[in-house]
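**Student:** Before I ask anything, here is the structure I am working with.
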Amino acid sequence: MAIANGAQHQLHYVAETTYGTTPATPTWKPIPHTGTTLNMSKDAVESEKLRGDRQIEDFRHGNKTIGGDISCELEYEAFDDLLEAVMCGSWDTDTLKSGTTRRSFTLEREFNDLATPEYHRHTGCEFNSMAVSVAPNQMATATFSIVGKDLSVDTSEVSGSTYSSDVGNTPFDSFTGSITEGGSSIATVTAIEFTIENGIEPLFSVGSDTTNRPSIGKSRVTGSLTTYFDSKALYEKFLNETESEIVLTLTDVDGNDYQFDIPRVKYNTGQPDVSGEGAVTISMDFVALYNDADGSQLVITRTDAA
C-alpha cells in the first residue's frame, strides 16, 4: 500500500479568467512551499427535532469553505504573481503597490506517490493575507492564507495541461539584506514581522453550498519590530506617536533583491520587557498608513542582479 509523503507533494496554480472555473488547457506554475493546510471544511447542520427518546433525527453537511495556509521560504521571482494577488495591485515594471484588482486562481495539490496519483483542485482561490517573518539565522519566510470556492478530486491531469518549471532561485536569508528605520540603518533588530490582510469573507446564499464571489475589506498592513534596547529613541516614537518609516531589503546569494518599503508607520505598543539577566529587547507593534507620495501604504520593489 502506497502512502503519500510530503517530500513528493507538489502545489501548482493557474490564474482563472472566470471566478471559480479552471481554464481549459491550463499552464500551471509551481508554488515553492514548505507546507500547506489548504483543504475544504464544511459547516454542520443538525436537526433540532425533539423525538422524546433524546436521539438525533438527522445531520447534514452545510456550507463548504476552501481555506488554509501555504508556508514558503521567500525567493526572487517565484512569488511575483502571488504578491500581485495579495496586494490587489499590478507590477509597474519592477514596482508593486496596493490596489483594487482582484485575482482568483485554481490551486492544484498533486500526490504523485500514491498507487494512483491524485490531483486535488481548489477553485476560486484568492490570497487573503501574507505574513512575512525575518529572524536571525533563518530563511525569510512567508505564509499565504487562502479563501476559495470549491474542491474537486481527480486521478489525472486536466486535459491539455502543461507544467512550468521552478524558477530555481535560492531563498532569501536573514543576514544578507538590510533594514532601515526612520531613514537610518538599524543593526540591533532581532525580528521583523508584517502581515498584509484583505478581509476576504465568503458570501453564502440559499440554493448553493458554495460561496458567491466573496466580499473584500480594506487593505491592512500591520507588524512588529523587535530590537535590543540600546536607547530611548525608538521607544519615544511610540510614546510621542511619532510617524516613521521601515524599509526591509532581502537579498539572495546572486544579488537579486526585494525591498519592502513601509513609508508611513505608527507604533502602537512598546515593551522593554526583562525576563532574566540577558539582553533586554523591546517589541514595537506597528500599523502602516496610506502615504500620499507613494499612493500606497506598502511599496515592493524587485531588483534583478543581472
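Derivation of every value follows stated rules applied to the coordinates shown; laboratory data play no part. All figures in this text were calculated on a predicted structure; none of them were measured in a lab. Cβ sites come from the backbone with ideal geometry, for glycine too, and all protein chains shown count toward neighbours.
**Student:** FRET efficiency for Phe59 and Asn39, Cβ-Cβ distance as r, R0 = 22 Å, nearest 0.05? Numbers along the way, then the final one.
**Tutor:** Working: r = 21 Å, r/R0 = 0.94.
The computed FRET efficiency comes out at 0.60.
**Student:** Continuing with the same structure: For the peptides 152-158, 137-143, what is the packing order when you average, over each peptide's residues, the other Cβ atoms within 10 Å and list the highest mean first?
**Tutor:** Details: 152-158: 12.4, 137-143: 17.6.
Going from most to least packed, we get 137-143, 152-158.
**Student:** Another question about this same structure. Using Cα positions and a limit of under 22 Å, work out the lysines in reach of Lys42, with same-chain residues fewer than 8 apart set aside.
**Tutor:** Output for Lys42: Lys64, Lys149.
**Student:** Once the piece of chain linking Val153 and Glu48 is laid out straight, how much longer is it, given 0.36 nm per residue of separation minus the C-alpha distance between them?
**Tutor:** Numbers: separation 105, 0.36 × 105 = 37.80 nm, distance 3.28 nm.
In short, 34.5 nm is gained.
**Student:** Another one. Kindly identify region 158-306 as rounded, prolate or oblate by the Cα gyration tensor criterion: order the square roots of the eigenvalues as a ≥ b ≥ c, call it rounded if a/c is under 1.5, otherwise compare a/b with b/c, prolate if a/b is larger, else oblate. List each step's numbers first, then the result.
**Tutor:** Values: a/c = 2.09, a/b = 1.40, b/c = 1.50.
In terms of gyration-tensor shape, oblate.
**Student:** Taking the Cβ of each residue in Asp173, Asp209 as the centre, tally the other Cβ atoms inside 10 Å and list the residues starting with the fewest.
**Tutor:** Values: Asp173 19, Asp209 14.
Placing the least packed residue first, the sequence is Asp209, Asp173.
**Student:** Another question about this same structure. With a 10 Å cut-off between alpha carbons and a GNM built on the chain, which of Val247, Val134, Val206 moves the most?
**Tutor:** Most flexible of the set in this elastic network: Val206.
**Student:** Right, next: At 222 nm, what helix-only mean residue ellipticity would the chain give, in deg cm²/dmol to the nearest 500, using -39500 (n - 2.57) for each DSSP H run of four or more?
**Tutor:** Values: 2 runs with 15 residues, N = 306.
It comes out at -1500 deg cm²/dmol, rounded to the nearest 500.
**Student:** On to the next question. In whole Hz, with x marking every Gly and Pro, tabulate ³J(HN,Hα) for region 147-158 from phi via Karplus 6.51 cos²θ - 1.76 cosθ + 1.60, θ = phi - 60°.
**Tutor:** So the J values, rounded to whole Hz, are 10, x, 10, 8, 9, 10, 10, 9, 10, 8, 5, 5.
**Student:** Sticking with this one: ³J(HN,Hα) across region 272-289 via Karplus (A = 6.51, B = -1.76, C = 1.60, θ = phi - 60°), whole Hz, x for Gly/Pro?
**Tutor:** x, 6, 10, 10, x, 7, x, 4, 8, 10, 10, 9, 10, 6, 9, 10, 8, 10
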